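What follows is one structure encoded as structure tokens, with my remarks underneath.
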Amino acid sequence: MRLIESLRKNATLLLSGLVTAVFALILMRELGGEPLIQPPGDFGILIGAMLVTAFLIVRDIRESNGKPNS
């Protein structure tokens, strides 16, 4: 499986997870009276999304090569 195929396969999962995380973060910040945009924390969300994406891509590539996911 190639990178683009893996991204297409997992696009719904990745997008829904990112939207949910951003919505929850905005809600928590609004209820806490904090500024909605905080660059250091928002950068952490981006890094987390990239790590999850990388994990899913590596998992798909390993599965397509016949290797177990352990």
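Bear in mind these aren't lab numbers, they're just calculated from the coordinates by the rules spelled out. Only a predicted model underlies this, so the values are computations on that prediction, with no experimental measurement involved. So basically every Cβ, Gly included, is an ideal-geometry build from the backbone, and we count neighbours across all protein chains shown.
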Residue that is in a helix (DSSP H, G or I) and out of contact with any Pro (no Cβ under 7 Å at 6 or more places or on another chain), where the choices are ILE37, ILE47: ILE47
Options MET28, MET50; residue that is over 14 Å from the mean Cα position of the chain (by Cα) and free of Cβ contacts under 8 Å to residues at least 12 places away in the same chain: MET28
